[in-house]
Amino acid sequence: METILKQYKAVIFDMDGVIVNSLGFWKRTEEKMLQKFGIIKDLSTFKVTESMSTKEAILFWLTKYPQDNITSTDIEQFVIDEMLLLIRSNDCINNEIQSLILKLNRQSYLLGLATNSPKKIMEAVLEKANLKTIFNVIVTADDVKQVKPNPEIYLKTAQLLNILSNECIVVEDSDYGIQAAKNAGMDVIKYYIKK
């Protein structure tokens, strides 16, 4: 991978599924949230919410199954609390990517993080991975109007890094994240977490 990176000034990393193996946590948390708040779950719709930000997924469920005594803020706080508990209590950091990020930092690459996760979850992941001070730029779902697969998050990351899209490469695991990076005019390395 490092040979490929030599032609770029910056590397932008996705978080969920790349830095942290949290995709199963999201599914578990969504199921628990739907059960706790009495929202009926149509199992076929999980793929629909998979590419959404936390706020978008909550809005999706509340629109599909309106609730009288629950606010989206209540549900969002529940989701964040559950995710923080799972991240903090499980061995979920991808050591291979963590090592790569530290090595790229020592080699003076500009490093960006672009995640559909909320800022609170991103902070917990970076703290657990000991990467809090490594990234030059971090953009979360809280910082953009539209999340992946829209390219806004990657375009904003490149802008804040003060580089052109073709000067950076993205490390992504999801099809919608790859599409967002490509739509931003960036090259992409598809990453799979080893089981």
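The values are calculated or read from the model by the stated rules, or taken from the named source; none is laboratory data. Owing to the predicted nature of the structure, the values given are computational and were not obtained by experimental measurement. Every residue, glycine among them, receives a Cβ derived from its backbone with ideal geometry; neighbour counts consider all protein chains shown. Side chains included, ligands, DNA and RNA excluded: accessible areas come from the protein's heavy atoms. Shrake-Rupley method; radii C 1.70, N 1.55, O 1.52, S 1.80 Å.
Summed over all non-identical Cα pairs, the Kirkwood treatment of the chain gives a radius of 17.1 Å. Against the chain, whose longest principal axis comes from its Cα atoms, helix 23-36 is set at around 20 degrees.
Tell me the mean residue ellipticity at 222 nm calculated for the chain from its helices only (DSSP H runs of n ≥ 4, each -39500 (n - 2.57), averaged over every residue, nearest 500).
Details: 9 runs with 93 residues, N = 195.
So the calculated ellipticity at 222 nm is -14000 deg cm²/dmol.
Lysine pair count for the stretch 130-187 (Cα-Cα distance under 15 Å; residues 8 or more apart in sequence or on different chains): 4. Highest mean packing first, where packing is the average number of other Cβ atoms within 10 Å per residue, the peptides 4-15, 91-102 line up as 4-15, 91-102. Cut-off 20 Å, label point 7 angstrom out along Cα-to-Cβ of residue 136: give me the residues of the stretch 167-195 whose amide nitrogen falls inside. Hits in the stretch 167-195 for residue 136 at 20 Å: 167-172, 181-182, 184-189. Given +1 at the Cβ of Lys and Arg, -1 at the Cβ of Asp and Glu and no other charges, the dipole of the chain around its Cα centre is 360 debye to the nearest 20. Between the Cα long axis of helix 54-64 and the first principal axis of the chain there is an angle of about 30°, rounded to the nearest 10.
By how many degrees, 0 to 90 and rounded to 10, does the Cα axis of helix 119-128 deviate from the longest principal axis of the chain? Between the helix axis and the principal axis of the chain, the angle is about 60 degrees.
Quick check for you: with a 1.4 Å probe and neighbouring chains kept, what is the accessible area per residue of the stretch 115-175, in Å²?
Value returned for the stretch 115-175: 46 Å² of accessible area per residue.
Partners of residue 103 within straight-line reach, counting aspartates and glutamates whose Cα lies under 12 Å from its Cα and excluding those fewer than 8 residues away in the same chain: 2. When the solvent-accessible area of the stretch 125-179 is split by element, carbon and sulfur atoms take up 44 percent of it, the probe being 1.4 Å. Note on residue 145/residue 103: beta-carbon distance plugged into 1/(1 + (r/R0)^6) with R0 of 25 Å gives a FRET efficiency of 0.15.
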